Amino acid sequence: MTFSRFYFKDITTISNADPAVVTLTDHELQVGDRIRLETTGALPSPLAVKTDYYVVYNGLGTGVFQVASADGGEPIATTDAGSGTHSFIQMNRAGLTPRQQDNH
């Protein structure tokens with residue numbers, strides 16, 4: 001059986017650049033990981049909340065990463081800085097085996 005597991009992490013910055021660079025020390029993301037962005041304000045345009053983005057190889061380091069709208073796609077460019085505190089939800093698929101719960 002497969003379940004989704006969610007991990008919320010605060011982002012330090014998302015640059016206003018072509019391509020945009022997301023900064024977060026030790027983010028532990030890998031190429032192809034799917035994430036969704038959240039914010040307390042406005043994300044840099046054209047990024048949107050509750051939208052799937054994929055970590056791409058270009059610019060990936062232990063403290064930075066870039067995202068594309070498709071797995072293996074071109075990194076997204078932003079046209080403004082946005083506002084507020086940004087975070088992301090990492091959407092992992094883990095092969096888990098359900099276990100019986102003893103309700104006695």
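The values are calculated or read from the model by the stated rules, or taken from the named source; none is laboratory data. Predicted, not measured: the structure shown is a model, and the values here were computed from it. A quick note on method: Cβ atoms are made from the backbone with ideal geometry, for glycine too, and the neighbour counts reach across all protein chains shown. All accessible areas refer to the heavy atoms of the entire protein, side chains included, with ligands and DNA or RNA removed. Shrake-Rupley method; radii C 1.70, N 1.55, O 1.52, S 1.80 Å.
Determine, yes or no, whether Gln90 is in a strand (DSSP E or B) and either out of contact with any strand residue (DSSP E or B) (no Cβ under 6 Å at 6 or more places or on another chain) or open to solvent by less than 20 Å² (accessible area, probe 1.4 Å) (or both).
yes
Just to be sure before I move on: is Tyr54 at pLDDT 95 or above, assigned to a strand (DSSP E or B) and among the aromatic types (Phe, Trp, Tyr) in the structure I sent?
Yes.
Mind checking which residues of segment 30-45 are farther than 15 Å from Thr78 by Cβ, surrounded by fewer than 21 Cβ atoms within 10 Å (Cβ to Cβ) and in contact (Cβ under 8 Å) with a residue 40 or more places away in the chain? Step through it out loud before you land on a result.
The initial filter retains those residues of segment 30-45 that are farther than 15 Å from Thr78 by Cβ, namely 30-36, 38, 40.
Filter once more, so that each one left must be surrounded by fewer than 21 Cβ atoms within 10 Å (Cβ to Cβ): 30-34, 36, 38, 40.
Residues satisfying the conditions are Gly32, Asp33, Arg34, Arg36, Glu38, Thr40.
Take Thr62 and decide whether it is within 17 Å of His86 (Cβ to Cβ) and open to solvent by 50 Å² or more (accessible area, probe 1.4 Å).
no
What number of residues in segment 46-59 are surrounded by 16 or more Cβ atoms within 10 Å (Cβ to Cβ) and charged (D, E, K, R)?
Residues meeting the conditions: 0.
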